[in-house]
Amino acid sequence: MVGKTKGEILEELRKKDQRIRELEDKINYLNNGVFGGEKSFICKLFFENSKESYIFIKNGRIIECNNSAVKMFGYTSKKDLIGSIAFEKTSEKMDKDMLYSRHKEAMNDGHEKLVFDWIIQRKDGQSMSVEVTITRLPTGGDPVSCAVLREISERKRVQEIILEKEKLYRNMFETNHFVILLIDPNNGKIIDANNAACLFYRYSKERLVNMNISKLNILNSNEKIIKVIKTAVEGKKNRFYLNQRLANDETRFVEVHCNQVNFNDKDLLYFIVHDLTKMKKILSALDENEKKFKELFNKAKDAIWLCNLNNDGTVANFREVNDMACKMYGYSKEKFMNMTIMDLRAPEDYDDILKKIGKIIKEGHATFESVHVSKHGDKIPVEVNSHKFKLFGEDVILSIVRDITNRKWTEKFLRESEERNRRLVELLPDPIILQKDGRILYINNAAISFLGGENRHNFIGKDILKFVDFHPSENKTLTMENLKDEINNFSSFDEVKIIRKSDNTVLDAEIASTVFDYSNKKATLILMRDLSDRRKAEKYIKLFNDAIEFDKLKTQFFANLSHELRTPLNVILGTIQILTLYLKEKSLQSREEKLENRIKVLKQNCYRLLRLVNNLIDITKIDAGFYELSLQNHNIVNVVEEITLSVAGYVEQKKLQLVFDTDVEEKTVACDPDKIERIMLNLLSNAIKFTEPDGSIFVDMIDKGKSIIISVKDTGIGIPKDELKYIFEHFRQVDKSFTRNHEGSGIGLSLVKSLIELHGGSINVNSEYGKGSEFVIELPIKTLEDNSTIIREKSKNEMESNLIEIINIEFSDIYS
Ligand code: ADP
């Protein structure tokens, strides 16, 4: 019964009524005979077997009933019912008095029959609603009524359901947030509208109900809307799109779902209205977005495609490909649509690609490298990034495919260049070590032999400090910690001393370090340069340069020497020529004075030659180690004073002042007095030579206990600072421009130095250019044990003439 329309239920009830009426007629007919004769037998048969329940009531008690009535009341035998008070078996829910009065009413004259409801109380305690139709039987005597009982529980229930449903539907209709209109399909009149409809159209319910639907539409005229309604009624189409106008004149684009409904036996249409205005806007925005995506898709620099998946997990045809895919593979879009990914694979990639597709299907995505083949047969190395997802309910694979030809080429190039670099580093003559946290990661051949090893495996992974470190004097170690400050940038090569631990040798090396990325780790690259060979080379270069320099000096010396030799020789030759002339003219007497001068010149130049030759011989002897001193104990103060004072005449001639001073009168020293004279005369002749008239020369002797100082100081031209270190060297002369025109071979001071050193002493010079010079001799106080102080044995005259000769020779440079 549930699910039947109200109309159907009412119809069913109507039919039942009809049947009851027919049966009642039959009973009336039969009753005329009241169960007598043949007829009566037939009636009894019918009565007993009727499905309807009958009870006959007389004086308030049941006098007869049929089997259906016994069953209805839940009994098994008629006896249980017959004789009982008719309305005794009534549910407590019901008012019995009402039943009695209704029955009484039915028994009154003028009533053909009366129908009312009765809730009976069955034997099992259950109650049952029945409809009672009471008919008074036309019998004589006490009135007898016939009650036909019909179960109405079902009808009641259906009525309740209908009411409930109606309530529910009403409730649903009213509270539904969908806009619902109930429309009369015959004229388009709105029969009912829910709250949502009133809110949507902004009309009150009173205004909306009875309004014609066409009033809500903009473009559709009344006829048109009726046509739409007609199509819906015919069941051809039940979805429409309409442009509607609200009470406030705003317009809305709506979708209408309509269906027929029977309401109060009337066929109506209900409209469910969806506002699609926003949706329409969203759709157009989506449309716009789709256009943009389409553009992006086609302008992408990678090939992009979409493939369907077959039910068996294989990949079906391409569904969408972008422009780049067409360009990359050489196929048109149409052609692509008839192909699958398998048509792009390289033959050798077949199995692999199946595995990849399996992975995408299983895990939802995969990124892998593969080789594809273009339409023209070109192999294209690619990187594929695939994702599986659902598109409109179907499984699809979206793949972004990048041509990695360039990357592959670069990788190959890098691999090759890495190999080249590795070989280069191997061949480099300089040691290279790569270390991290003190451990050796790499070592080249040069470093292996530099560290005294043979095999690379002895080094790799080991502590670098096991093999090499800075010398303790460098105050640092080769570990990363200590190199840290220096490795921020490539540090320049530093010359350092390092220790090779294999044989504890100290080596000179240059070391530089830099940060180096090695397998994504920050390591230190240590570059070393063995300086042993360079050091040797530098030594040889110095020797070679010294030899060249010495050779140059010698050449210069010989040039000077030639000049020194030629000048006096020229003078001597010139003088001899003059003397020869004098001889020819036989007028020697008259030129006596001149002759004397000439002889003096001859003599002086012979002295010069003699001095030169003496110096040469002495210096050569000293250099060869043949020179010997004839040492004897002498009062050195005396020796120095005598020789100093003996040149006083020359000094005066030069208009110079000579001052001798000593803080000791006697000091015995084992010395060769002739050599001390040579020393003093050399120093004094230099002082005279390089001091202008009116200058002074001081000779001082200072006793220092263990040594004696002899100082020869002048107020002359001085010696330039940078020349000071050279003046004691053989063949050195201060630049000619400083010494003006003074003669000299440049052997003097070197001979002086050698002679002093032979005595175990030393000589130093202090000089300020333009102010004067001071030569300071320090002689150690040494004496010969068996020898007492010697006083020179020669006669004073002899000594004097000897000294004069020596002075003449030593002073021969100074032009008188
Ligand atoms: P020379 O025999 O040429 O004088 P020396 O060896 O005696 O050679 O001197 C070397 C050089 O030292 C001189 O040429 C001169 O330039 C410089 N010299 C030596 N003594 C003095 C001095 N007292 N004052 C200035 N220059 C001097």
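With a 10 Å radius around each residue's Cβ, average the other Cβ atoms per peptide and rank 309-322, 283-296, 674-687, highest first.
Averaged packing, sorted descending, gives the order 674-687, 309-322, 283-296.
Tilt of helix 748-758 relative to the longest C-alpha principal axis of the chain, in degrees (0 to 90, nearest 10)?
That helix lies at roughly 90 degrees to the long axis.
With Kirkwood's inverse mean 1/r over C-alpha pairs for Rh, give me the Rg to Rh ratio of the range 268-323, two decimals please.
The Rg/Rh ratio comes out at 1.27.
Please go through the range 375-424 and write out the trypsin sites (Lys or Arg not before Pro) that DSSP classes as loop and that have at most 15 other C-beta atoms within 10 Å.
Taking the range 375-424 and a limit of 15 other Cβ atoms within 10 Å, the loop trypsin sites (Lys or Arg not before Pro) found are 375.
Can you list residues from other chains, or at least 5 along the same chain, whose modelled amide H is less than 5 Å from the amide H of residue 438?
480
Quick one: helix 350-363 against the long Cα principal axis of the chain, what's the angle to the nearest 10°, folded into 0 to 90?
In the chain, helix 350-363 runs at an angle near 60 degrees to the longest axis.
First check a/c for the range 415-465, with a ≥ b ≥ c the square roots of the eigenvalues of its C-alpha gyration tensor; if it is under 1.5, answer rounded, and if not, answer prolate when a/b is larger than b/c or oblate otherwise.
Since a/c reaches 1.5 but b/c is at least a/b, the shape of the range 415-465 is classed as oblate.
Skipping prolines and chain starts, which residues have an amide H placed within reach, meaning under 5 Å, of the one on residue 477, given they are 5 or more residues away or on another chain?
none
Grab the Cα-Cα distance for residue 281 and residue 352, subtract it from 0.36 nm times how many residues apart they are, and report the gain in nm with one decimal.
20.8 nm
Counting only heavy atoms of protein chains, what accessible area per residue, in Å², does the chain have with a probe of 1.4 Å?
Averaged over the residues of the chain, the accessible area is 58 Å².
For an R0 of 51 angstrom, estimate the FRET efficiency from the Cβ-Cβ distance between residue 44 and residue 4 and round to the nearest 0.05.
Computed FRET efficiency for residue 44 and residue 4 comes out at 0.85.
Nearest 20 debye, what's the magnitude of the dipole of the range 366-522 about its Cα centre given +1 on Lys and Arg Cβ and -1 on Asp and Glu Cβ?
620 debye
Would you mind checking the pairs 667/704; 280/390; 294/408 and listing those with alpha carbons more than 20 angstrom apart?
Result: 280/390; 294/408 exceed 20 Å.
Using only alpha carbon pairs under 8 Å that are at least six residues apart, calculate the relative contact order of the range 282-401 and give it in whole percent.
Computed value for the range 282-401: 24 percent relative contact order.
At 1.4 Å probe size, put 811, 389 in order of accessible surface, largest to smallest.
Ranked list, largest accessible area first: 389, 811.
Which loop chymotrypsin sites (Phe, Trp or Tyr not before Pro) in the range 608-668, with loop taken from DSSP, have no more than 12 other Cβ atoms within 10 angstrom of their Cβ?
Passing sites in the range 608-668 are 626.
So which lysines can residue 224 reach, going by Cα to Cα under 22 Å and dropping same-chain residues fewer than 8 places off?
189, 215, 236, 237
On a full-extension model of 0.36 nm per residue, what is the gain between residue 379 and residue 126, subtracting their alpha-carbon distance, rounded to one decimal in nm?
82.1 nm
Give me log10 I(q)/I(0) at q = 0.09, 0.10, 0.11 Å⁻¹ for the chain, Debye formula, one equal scatterer per alpha-carbon, no solvent.
Debye intensities relative to I(0), on a log10 scale: -1.09, -1.16, -1.21.
Evaluate E = 1/(1 + (r/R0)^6) for residue 559 and residue 515, where r is the Cβ-Cβ distance and R0 equals 56 Å; express this FRET efficiency to the nearest 0.05.
0.40
Pairs to check: 725/782; 227/266; 542/725; 621/689; 79/156. Give those whose C-alpha atoms are more than 22 Å from each other in this structure.
725/782; 621/689; 79/156
For residue 410 and residue 177, FRET efficiency with R0 = 60 Å and r from the beta-carbon atoms, rounded to 0.05?
Efficiency at R0 = 60 Å is approximately 0.45.
So which of 15/167; 462/501; 554/713 end up more than 22 Å apart, counting from Cα to Cα?
Correct reply: 15/167; 554/713.
Could you tell me the accessible area of residue 279 in Å² (1.4 Å probe, neighbours in place), rounded to the nearest ten?
90 Å²
Where a ≥ b ≥ c are the square roots of the eigenvalues of the C-alpha gyration tensor, would you call the range 661-713 rounded, which needs a/c under 1.5, or, failing that, prolate if a/b is larger than b/c, or oblate?
The shape class here is oblate.
Once fully extended, how much extra length lies between residue 164 and residue 301, figured as 0.36 nm per residue of separation less the alpha-carbon to alpha-carbon distance?
Extra length from residue 164 to residue 301 when fully extended: 42.7 nm.
Suppose the Debye formula is applied to equal point scatterers at every Cα of the range 564-685; what is log10 I(q)/I(0) at q = 0.12, 0.13, 0.17, 0.19 Å⁻¹?
Calculated log10 I(q)/I(0) at the listed q: -0.69, -0.77, -1.01, -1.10.
By average Cβ neighbour count within 10 Å, what is the ranking of 665-671, 765-771 from highest down?
Averaged packing, sorted descending, gives the order 665-671, 765-771.
Could you give the spread of the C-alpha atoms of the range 174-257 along their three principal axes, from largest to smallest, in whole angstroms?
Here the Cα extents, ordered largest to smallest, are 30, 24, 20 Å.
Can you work out the Karplus-derived ³J(HN,Hα) for every residue in the range 122-136? Use 6.51 cos²θ - 1.76 cosθ + 1.60 with θ = phi - 60°, whole Hz, and x for glycine or proline.
Couplings: 6, 4, 7, x, 6, 9, 9, 7, 10, 9, 9, 10, 9, 10, 7 Hz.
Only helical DSSP H runs with n ≥ 4 go in: add -39500 (n - 2.57) per run for the chain, normalise by residue count and round the 222 nm mean residue ellipticity to 500 deg cm²/dmol.
Roughly -13500 deg cm²/dmol at 222 nm, from the helical runs in the chain.
The values are calculated or read from the model by the stated rules, or taken from the named source; none is laboratory data. None of the values given here were measured: they were computed from a predicted structure. Note that each Cβ is placed from the backbone with ideal geometry, even for glycine, and that neighbours are counted across all protein chains shown. Keep in mind that these areas ignore ligands, DNA and RNA; they rest on the heavy atoms of the full protein, side chains included. Shrake-Rupley method; radii C 1.70, N 1.55, O 1.52, S 1.80 Å.
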